[in-house]
Amino acid sequence: MVEKEKVIFCLPEVYRNDFIFDQLIGLINESCDCQTASRTPTIKMREPTKTYHRADVLWGKANQTPSIVEAVQFHGINITKNDALIKEVAELYRSNNLDQLVHDSNCAAKHLQEVGLMENATALIDTAQSKEGYIVNFVVKEPKPFTFGVKAGMSTQGDADLSLNAAKQSCFGRGESINASYSNTIKGDHSFNLNFIKPFLGWQKYSNFTMSLYRSMAHLPWNQSNLDENAVILQYNGQLFNKKLLHSLKMNSIWRTLRVTDDAAFAVREFSGHTMKFSFENSVAYDTRDRPLLATRGLLGRWSQEYAGPLGDHHFLKNQLDFQASTLLFKDVILALSLQVKSVNSLGSKELHLLERAYLGGNQDLRGFGLNTVGVRADNSCLGGGAALAGVFHLYKPLFPPQMLYAHAWIAGGSIASVRSKSAIKDMLEAQRSTAGIGLTFVFKNIFRLELNYVHPIQTVPGDSFTRGLHIGAGVNFI
Amino acid sequence: MATTSSSSTPHRHLISDLVASTLSMNADSEWIDALLFTPFLTEQALLYEYADCLAAQTFFRMAGLPYQLRQRPNVDFISPTGKVPFLKLNNVLVAEFTGIVDFVAQKGVKLSAHLTEVQLAEMMAHMSMIDLLLRNIEIYVVWRHDETFSKITSSRVASVFHWPLTVILPRLKRREMIGYLDDQDWATKSMDEVLEAADRAFRSLSSQLGSCEFLMGDKPTEADALLFGHLYSIMTTQLPCHDLQNLLKKYNNLLDFTTRVEREFFKR
């Protein structure tokens, strides 16, 4: 049993190092108007003197200690709305033993940060007057009211650009955020992105509604054309089946302008011009990976469909299956397998639009091939296909710094069937491509992944754009 | 003659140069499967586009070259110069009436082969007058004249798109075309000034034609194909403003020319 006088200091897991611990003590001192601050975890509070401890002092030992939450207090609230806070912490009143209370308070603090209500949140559990009563204090720091940034850079096509971005987090006091960015290039192209996210608040609820409005410009080297897009996208992200499955629904309405260059084949030219795409996407995923960019263990299974029609110029049904599995082999070697299957079927009488086809090749799937160049070609342009399959076996061995740099060996295979294919499976079996290679993989948090590979061909088809040698790949969507 | 005499930007010239160089390289390939790409003529093409597409067809018929017509909603994007119509012969794309005429000439087919140097220069002058003056008049009526734009042009441009592009694109295109007219010092002209210019053009063409069967005598030339394309389009296109048609009706020999060419090359 734990002594009643003891006051528990409950730290979110991420803060379990002494440096941040000291900073937090300073923060608490400020918010509690303490007279004396100390560099040790023991500090003096107003009256009476209280001693704070880390949560792990009693974590796991107090599941028999009854607890009644008398109050939940927040320190540092300026803009956050009361009803938002109530939704977030109401569950704490249900906890009936101290262990659960410590755990739940920690979860609540973590959730407050993850949904964007708070920039920092720490739960402190204090004793109350009654015998089994406790008061939960949250020492919080709200997000900055407004952020603004200016950036000048160089695009991959050698065009200088200037971009401005502005953001407001928790703008209406319920975790909503607005992000806006605008960039202008020397050539005179301008693009913007306006993003609004509204999280649905509640106990351990991870769902939100997103609205994006953007204008973008892209060069598609495989089609030798340029694409301008103006889009409005509505998206809902949530969970299904007792939070076991991730679920997202998306509605796209995109005005696209495909402009071909002088080198583009006639088969590409035919698709140039303005089109309007209205589509719905639905995606269900089971994800237990510990890190999306390079998982050490875990599984991912995702099934997404996209349906376009009857509004707009595009009529198709797209299906995509993703499967990834990772496990530790020996002591620290990671064995991973990734598979991706895509298929697109045209639903109208018109041929499937070039931009909606399945593409394969590049340093993120079938390494060693030019980006999106596998399959039917006309002159120098690639026309994509109606179905594509790719799979990669990986072996990773961590180097220094750990969790960042890995030695990497892999073997990748894939195939694509043309849009007009009568039997996609037969066509794919007939034109298999595979490559193998070794190299280095660098992963930076969940932000990006960089691969440097020496690639060797195993199976190619005449006409493929394949080069043996060193390849660099960067991005987030590796299979 | 430049491939794109009506082009306005240096960029366009560059493209036409590229096309011209491809022309000379491929000029000896054979005349098989010639495809003429046009917008949807009955629902989409605007007055001056219809005129150019018809002129190209007339030219092929006069020269006895077989061709097939392909109508596409995005011909302006497929075309190497962004203008309609264009000819596809194997892998070669040649845009606009004058470009097509030059291309065919390089293949050794010339309607004007019988003309003297002086007559040839005269014919060129008539062609560029039709190409510049008459087309600008048509562009002015189609895009600048408010009633024509709101009743005819905007719905024809929108006919191949879905909402909201049906609202956005006619306006964007109008801004672009008024910019083009502005470059030619046409945007600020009044309707009366434009009609006066049209009257001058018709009068000059009418006096050149005189009582002859064709502009340059008794044999059809490239200039006749172009002239027929424009006159026929002006006569048959229903527009809110009838002024252009009424002007043309004053010149009987031009009307006779139109019916004659139609009868001779399209109704046989």
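The values are calculated or read from the model by the stated rules, or taken from the named source; none is laboratory data. A quick note: this is a predicted structure, and the numbers were derived from the prediction, not measured. Every residue, glycine among them, receives a Cβ derived from its backbone with ideal geometry; neighbour counts consider all protein chains shown. Remember, those area values only see protein heavy atoms, side chains included, never the ligands or the DNA or RNA. Shrake-Rupley method; radii C 1.70, N 1.55, O 1.52, S 1.80 Å.
Inside segment A:150-191, residues that are on the phi > 0 side of the Ramachandran plot and within 23 Å of the chain's Cα centre (by Cα) make up a count of 2. Of the candidates A:Lys243, A:Lys250, the single residue that is more than 13 Å from chain B (Cβ to nearest Cβ), in contact (Cβ under 8 Å) with a residue 24 or more places away in the chain and at positive phi is A:Lys243. Among the residues of segment A:253-294, the ones that are assigned to a strand (DSSP E or B), without any contact (Cβ under 8 Å) to a residue 40 or more places away in the chain and at the interface with chain B (Cβ under 9 Å from one of its Cβ atoms) come to 8 in all.
For segment A:316-356, filtered to residues that are open to solvent by 60 Å² or more (accessible area, probe 1.4 Å) and within 14 Å of chain B (Cβ to nearest Cβ), the residue that is nearest to A:Asn372 (Cα to Cα) is A:Glu351.
A:Ala390 meets all of the listed conditions (1) crowded, with 17+ Cβ neighbours inside 10 Å; (2) farther than 15 Å from A:Phe478 by Cβ; (3) under 30 Å from the mean Cα position of the chain (by Cα) but one, namely (2). Return the residue satisfying two criteria in turn: it lies in segment B:80-118 and is within 14 Å of chain A (Cβ to nearest Cβ) and aliphatic (A, V, I, L, M), and of such residues it is surrounded by the most Cβ atoms within 10 Å (Cβ to Cβ). For segment B:80-118, the residue satisfying everything is B:Val94.
Hey, does segment A:429-452 have a residue that's among the basic types (Lys, Arg), surrounded by 13 or more Cβ atoms within 10 Å (Cβ to Cβ) and more than 19 Å from A:Trp222 (Cβ to Cβ)?
Residues of segment A:429-452 among the basic types (Lys, Arg): A:433, A:445, A:449.
Filter once more, so that each one left must be surrounded by 13 or more Cβ atoms within 10 Å (Cβ to Cβ): A:433, A:449.
Restricting the remaining residues to those that are more than 19 Å from A:Trp222 (Cβ to Cβ) gives A:449.
Yes, segment A:429-452 has at least one match.
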